[in-house]
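Some notes on the structure that comes next.
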Amino acid sequence: LVGLWGGARQPESWARFYTLPEHLHSRLSDRSLHLIHGADSARAIYAVAMCTAELPAGRWLVSDERVYDTLQNIIGDPRIRRFLVELLQEAEVQELLGVECVDDIRLGASEVTKRIDSSHFWRQFGIQPLYPFVCGQPDPADRTA
């Protein structure tokens with residue numbers, strides 16, 4: 001599953017989905033997050049609709065070809081930090097994250113594994129995604145900013 005982002009849909013605000021420590025706990029074993037900007041999604045749909053070549057049967061997995069760390073995007077939320085402090089009391093979570101303290105948690109794409117490869121889609125249609133997500137940065141497709 002790929003997350004649609006852009007405009008009001010910002011991954012940093014997705015901390016709201018983790019309302020209990022247990023919800024966050026279930027996400028710690030697989031922190032990978034795949035995204036696609038709404039503008040890139042629209043370009044992908046348009047490319048398929050306008051294609052005159054015969055396409056192979058099946059489904060396309062479409063993302064911006066990057067993998068993100070869910071935890072990196074939501075750790076700035078004070079509630080998430082409290083949940084992590086609580087969860088790190090468990091030996092299982094300490095082992096999973098390889099740390100005992102929230103401030104020592106390693107963050108970033110290097111801490112997750114890529115699971116979705118959408119390069120075949122972009123090659124098939126001769127286009128590339130234009131809007132990668134950068135945590136803490138404004139939406140690059142927002143023309144009002």
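Bear in mind these aren't lab numbers, they're just calculated from the coordinates by the rules spelled out. Keep in mind that this is a model prediction, so the values were computed, not measured. Backbone-built Cβ (ideal geometry, glycine too); neighbour counts: all protein chains shown.
Below are the figures for this structure:
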quantity	calculated
Among the candidates Glu12, Glu22, residue that is in a helix (DSSP H, G or I) and over 11 Å from the mean Cα position of the chain (by Cα)	Glu22
Checklist (1) more than 20 Å from Ser26 (Cα to Cα); (2) touching a residue at least 40 places away in the same chain (Cβ under 8 Å) applied to Met50, failing item	(2)
Whichever residue in the stretch 1-47 is of a type in the set (S, T, N, Q) and without any contact (Cβ under 8 Å) to a residue 60 or more places away in the chain and, among such residues, is farthest from Glu111 (Cα to Cα)	Ser41
Options Asp69, Asp77: the member that is farther than 16 Å from Trp122 by Cα, under 14 Å from the mean Cα position of the chain (by Cα) and charged (D, E, K, R)	Asp69
Neighbours by Cβ (under 9 Å, 6+ apart or cross-chain): first from the stretch 98-124, on the phi > 0 side of the Ramachandran plot; second not in a loop (DSSP other than H, G, I, E, B)	Gly98/Asp104; Gly108/Tyr68; Gly108/Asp69; Gly108/Gln72
